[in-house]
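Here the structure comes first, spelled out in structure tokens, and everything after it is commentary.
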Amino acid sequence: MTNLDRLRIAMAEAGIPALIVSDLGSVNWLTGFTGTFGIAVVSGDAAQFITDSRSAIQAGEQVKDMPHSWFQSPVNGDEYLAQKIKEMGIQRIGFEGASVTYANFERWRDKLAGIELYGAPDLVSDLRMVKNESEIDRVRAACGIADACFEHVQRLIQPGVTEYDINLDIEFFIRRQGAEIAFPPIVVSGERSARPHGKASEKKLEVGDFLTMDFGAKVEGYCSDITRTVVVGEATDRHREIYNQVLKAEVECINAIKPGVRAADVDTLARTILDEKGLAQYFGHGLGHGLGALVHDAGRMNKTSQNVFEPGQIWTVEPGVYIPGFGGVRIEDDVLVTENGVEILTKSPKDLLVLPA
Ligand code: ZN
Ligand code: ZN
């Protein structure tokens, strides 16, 4: 079954006769297109992919399951989209309410006068959670590059090297493998490692720093996302206690994931384990997220999540502890939900590393 077939089934179940798919991650999932501008219009019996002249050749190569066409100046994208929707004889059409801006909606509404246009539920990102073999292979390849990158970057870690040097080396390594970076890496050390999403700075590594590196590769449109924290120079008992408790939470949460289990319950488990050492108060974000065409794909592991694990989903598991004025630890792996548990896709070692070794 193609992803177009899966979307049509979901549209029929949701009572949506036609849909504009414009979120680039959704477009990639639906059509295979990886360019910077493309929109698919899908109805029960027809589908159209449109792009502009900049991506016309690429669309010809990548879009296999539906006809494609393109426009160029002086025609604009909104006019062209409206023309195609009218040609398809559509009377009512939904758009992806979660990703279309209000300004965009107003432009489409003007051009589609006479056709009912409404915000539809996010069908594609829900469908996207369960991956096919080709998608899993691409995430696997992206995880392999992330693992190789972690091994590579260790040789650079020593007192005096800046966070920025490490950041640059991570990016360079990933790109050298022919991949893209999935997101700008996070490289934070010492007290700065208490910033879960801090940016690399000119700060130099010092003995006794926690150093957290969070990065991922993107291979043919699919992402990996890994975090490792190491200690620079010399680890104290406090470093070890915090690190080992985060590690215990991460390992036990990964072991708890299997089909039918609620994501919210695994998030709670992480907090229970961290609280054995009074550390849950320092864990402010959710335990993990869906991973795929986007780094933060559909699916959240947090207290209010309604997600239930299913085979074929890919999740990150990333407990962290961030103590202001001291530093922080996060350990993150990517896991594929299988029939009876998970397969861990990122394979970098997790025992506390003190570098240089
Ligand atoms: Zn991450
Ligand atoms: Zn993540």
Name the single residue, out of those in region 164-188 being more than 19 Å from the chain's Cα centre (by Cα) and within 16 Å of ligand 1 (Cβ to nearest atom), that is nearest to Ala142 (Cα to Cα). Asn167
Output for region 189-216, where each listed residue is more than 12 Å from ligand 1 (Cβ to nearest atom) and of a type in the set (A, V, I, L, M): Ala194, Ala200, Leu205, Val207, Leu211
Enumeration of residues in region 271-304 that are small (Gly, Ala, Ser) and either crowded, with 22+ Cβ neighbours inside 10 Å or over 17 Å from Ile254 (Cα atoms) (or both): Gly278, Ala280, Gly284, Gly288, Gly290, Gly292, Ala293, Ala298, Gly299
Within region 19-38, which residues are part of a loop (DSSP other than H, G, I, E, B) and touching a residue at least 60 places away in the same chain (Cβ under 8 Å)? Ser22, Asp23, Thr34
How many residues of region 147-161 are of a type in the set (A, V, I, L, M, F, W, C) and more than 16 Å from Leu352 (Cα to Cα)? The answer is 4
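The rows are residues; the columns are (1) within 16 Å of ligand 2 (Cβ to nearest atom); (2) under 23 Å from Arg300 (Cβ atoms); (3) modelled with pLDDT under 95.
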| residue | (1), (2), (3) |
| --- | --- |
| Lys203 | no, no, no |
| Thr212 | yes, yes, no |
| Gly216 | yes, yes, no |
| Glu220 | no, no, yes |
| Asp225 | yes, yes, no |
| Arg228 | yes, yes, no |
| Ala235 | no, no, no |
| Gly260 | no, yes, no |
How many residues are modelled with pLDDT of 90 or more, crowded, with 20+ Cβ neighbours inside 10 Å and assigned to a helix (DSSP H, G or I) if we restrict to region 121-135? 4
Restricted to region 217-256 and to residues being in a strand (DSSP E or B) and aliphatic (A, V, I, L, M), the residue nearest to ligand 1 (Cβ to nearest atom) is Ile226
Only one of (1) among the small types (Gly, Ala, Ser); (2) more than 12 Å from ligand 2 (Cβ to nearest atom); (3) under 12 Å from Val130 (Cβ atoms) fails for Gly290. Which number is that? (2)
Show the residue pairs meeting these rules: Cβ distance below 7 Å; 6+ apart or different chains; first residue within region 280-297 and more than 15 Å from Val321 (Cβ to Cβ); second residue in a loop (DSSP other than H, G, I, E, B) and more than 12 Å from ligand 1 (Cβ to nearest atom). Gly290/Met129; Gly292/Lys131; Ala293/Gly221
Restricting attention to region 117-136, does a residue exist that is polar (S, T, N, Q) and without any contact (Cβ under 8 Å) to a residue 12 or more places away in the chain? yes
List the strands (runs of 3 or more DSSP E) that sit entirely inside region 290-356 and contain at least 3 residues that are of a type outside the set (Lys, Arg) and in contact with an Asp or Glu (Cβ under 8 Å, 6 or more places away or on another chain). 314-317, 333-337
Would you check which residues across region 59-76 are of a type outside the set (A, V, I, L, M) and either buried (at least 16 other Cβ atoms within 10 Å of the Cβ) or in contact with a helix residue (DSSP H, G or I) (Cβ under 6 Å, 6 or more places away or on another chain) (or both) and list them? Gln62, Asp65, His68, Trp70, Phe71, Gln72
Within region 39-62, the residues that are within 24 Å of the chain's Cα centre (by Cα), within 22 Å of Ile90 (Cα to Cα) and without any contact (Cβ under 8 Å) to a residue 40 or more places away in the chain are Ala40
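The values are calculated or read from the model by the stated rules, or taken from the named source; none is laboratory data. Quick caveat, the model's predicted, so the values are computed rather than measured. Using ideal geometry, Cβ is built from the backbone for each residue, glycine included, and neighbour counts are taken over all protein chains shown.
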